[in-house]
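Enquirer: Here it is, the structure, as structure tokens.
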Amino acid sequence: MALSSAKSIGCVSRARDQPVTIYEPLGLVGEVPDETTGQLKLWQHALRLYRAQEWDQAELQLYNLSRQAPESRLYQLYLERLAIWRKNPPSTDWDGVTTFETK
């Protein structure tokens, strides 16, 4: 069985359920292009900043990623969410999970 490389794109849950991490497959390990691997490292850093509510730094990383990969809706989505959190910050114990209240 070949190992694959994947990018965590977020954690979600329904109201009271346990969070589930969603991944985007990137390819087989060793076959992922260097450019993609570089973007993955930047994304992981941006996601850590986002979850730590370090909005300014996260926004800068996400902006840079969106310039590198303008076709990626993921970075734009997180920039939109970040703008919402800036206006209405989550609690200080927020774990970065997106909770859906309805189906």
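Enquirer: I'd like to verify a number: residues in region 14-23 that are in contact (Cβ under 8 Å) with a residue 40 or more places away in the chain and either β-branched (Val, Ile, Thr) or surrounded by 14 or more Cβ atoms within 10 Å (Cβ to Cβ) (or both), how many?
Expert: Matching residues across region 14-23 total 1.
Enquirer: Looking only at region 41-56, count how many residues are of a type in the set (Phe, Trp, Tyr) and loosely packed, with under 12 Cβ neighbours inside 10 Å.
Expert: So the answer is 0.
Enquirer: Step by step: first the residues of region 12-51, then only those that are small (Gly, Ala, Ser) and in a helix (DSSP H, G or I), then the one that is nearest to Ala83 (Cα to Cα). Which residue is that?
Expert: Ala46
Enquirer: Inside region 52-62, can you point out the residues that are in a helix (DSSP H, G or I), within 17 Å of Ile9 (Cα to Cα) and of a type in the set (A, V, I, L, M, F, W, C)?
Expert: Ala58, Leu62
The rows are residues; the columns are (1) surrounded by 15 or more Cβ atoms within 10 Å (Cβ to Cβ); (2) in contact with a Phe, Trp or Tyr (Cβ under 6 Å, 6 or more places away or on another chain).
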site	(1), (2)
Pro25	no, no
Gln39	yes, no
Ala58	yes, yes
Leu77	no, no
Ala83	no, no
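Enquirer: Here's a check for you: in region 75-99, which residue that is among the hydroxyl-bearing types (Ser, Thr, Tyr) and not in a helix (DSSP H, G or I) is modelled with the highest pLDDT?
Expert: Among them, the one singled out is Ser91.
Enquirer: Related question: Which of the residues belonging to region 29-86 are of a type in the set (Lys, Arg) and touching a Gly at 6+ places or on another chain (Cβ under 8 Å)? Lay out the reasoning, then the answer.
Expert: At the first step, the residues of region 29-86 found to be of a type in the set (Lys, Arg) are 41, 48, 51, 67, 73, 81, 86.
Result: Arg51, single match.
The values are calculated or read from the model by the stated rules, or taken from the named source; none is laboratory data. Because the structure is predicted, anything quoted here is derived from the model rather than measured. Cβ sites come from the backbone with ideal geometry, for glycine too, and all protein chains shown count toward neighbours.
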